[in-house]
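Everything on this sheet refers to the single structure shown next.
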Amino acid sequence: MEHTQTAVLAAADSLVDAFSRHDREKYFAAFSKDATFIFHNLDRPLRNRAAYEAEWALWEERDGFKVLSCRSSDRNLQLLGPVAIFTHSVETEAEFGGEAVTSQERETIVFEKQQDGTWLAVHEHLSRAS
């Protein structure tokens, strides 16, 4: 159990670290191809990783989007066999059109253990912190 917890938290840390450095390649590699995404700032769910990658590219091109930093706190992990649910609070500083914006959000990331033993994110839900 301890080994599993360590492996999932390492996967979560790697995902958050890649996001905080705007490392698109490493960030998206942390998600399965069929991962789904629900974000409070979108009017629709994203049904797979490719849809999120396209949205991210649009944000970069249209809005000048760039992640400057991301801090994770209030972390919790639930282990359910080959599935793990990671929740945390996130403070993200991002740039839009040259202007820095800080957001406070809550996030749930569902991980699934792959056949090779790695943990990939299969769902992400982001909501505003109240």
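The values are calculated or read from the model by the stated rules, or taken from the named source; none is laboratory data. Bear in mind that the values here come from a model prediction, so they are computed numbers and not experimental data. Here the Cβ is made from the backbone with ideal geometry for all residues, glycine too, and neighbour counts use every protein chain on show. The protein model used for the area step is the full one, side chains on, heavy atoms only, and it has no ligands, DNA or RNA in it. Shrake-Rupley method; radii C 1.70, N 1.55, O 1.52, S 1.80 Å.
Of ILE109, THR92, LEU77, which is farthest towards the positive pole of the range 25-115's charge dipole, taken about the Cα centre with +1 and -1 on the beta-carbons of Lys, Arg and Asp, Glu respectively?
Among ILE109, THR92, LEU77, the one farthest towards the positive end of the dipole of the range 25-115 is LEU77.
Suppose each label sits 7 Å from its Cα in the direction of the beta carbon; what would the SER73-ARG47 distance come out to in nanometres?
Result for the modelled spin labels: 3.9 nm.
Which of the three applies to the range 27-77, rounded, prolate or oblate, going by the alpha-carbon gyration tensor with a ≥ b ≥ c and a/c under 1.5 meaning rounded?
oblate
I need the Debye-formula profile for the range 10-52: one equal scatterer per C-alpha, no solvent, reported as log10 I(q)/I(0) at q = 0.20, 0.29 1/Å, two decimals.
Listed by q, the Debye log ratios stand at -0.66, -1.04.
Using just the C-alpha positions of the range 47-108 as equal point scatterers, what log10 of I(q)/I(0) does the Debye formula give at each q in 0.16, 0.18 1/Å?
-0.69, -0.82
Around ALA84, under 10 Å between beta carbons, what's the net of Lys plus Arg minus Asp minus Glu among the other residues?
0
For the range 1-57, report the accessible area per residue in Å² (1.4 Å probe, heavy atoms, rounded to an integer).
Value returned for the range 1-57: 55 Å² of accessible area per residue.
Using r as the Cβ-Cβ distance of GLU99 and MET1, and R0 as 41 Å, what FRET efficiency do you calculate, to the nearest 0.05?
Efficiency, rounded to the nearest 0.05: 0.35.
Would you mind estimating how fast the chain diffuses translationally, via Stokes-Einstein at 10 °C and 1.306 mPa s with the Kirkwood radius over Cα pairs, in µm²/s?
The calculation lands on 106 µm²/s.
If you average 1/r over every pair of different alpha-carbon atoms in the range 82-130 and take one over that average, what Kirkwood value in Å do you get?
12.5
On a 0 to 90° scale, report how tilted helix 2-20 is relative to the longest principal axis of the chain, with both axes built from alpha carbons and the result rounded to the nearest 10.
Rounded to the nearest ten degrees, it is 10.
Taking θ = phi - 60°, what integer Hz values does the Karplus form 6.51 cos²θ - 1.76 cosθ + 1.60 yield along the range 84-98, in sequence order, with x for Gly and Pro?
With coefficients 6.51, -1.76 and 1.60, one gets 9, 10, 10, 10, 6, 9, 10, 10, 10, 10, 10, 10, 10, x, x Hz.
How many percent of the accessible area of the chain is carbon or sulfur, using a 1.4 Å probe?
On the chain, the fraction of accessible area on carbon and sulfur atoms equals 49 percent.
Return the long-range amide H neighbours of THR36 (sequence gap of 5 or more, or a different chain), with a cut-off of under 5 Å between placed amide H atoms.
Under 5 Å from the amide H of THR36: HIS123, GLU124.
Size of the dipole of the range 75-123 about the Cα centre, Lys and Arg at +1 and Asp and Glu at -1 on the beta carbon, nothing else charged, in debye to 20?
Dipole of the range 75-123, to the nearest 20 debye: 360 debye.
Over the chain, with a Gaussian network built from C-alpha contacts below 10 Å, which listed residue (SER73, SER89, SER32) shows the highest mean-square fluctuation?
Answer for the Gaussian network model of the chain: SER73.
To the nearest 20 Debye, how big is the dipole of the chain about its Cα centre, given +1 on the beta carbon of each Lys and Arg and -1 on that of each Asp and Glu?
Charge dipole, the chain, about its Cα centre: 260 debye, nearest 20.
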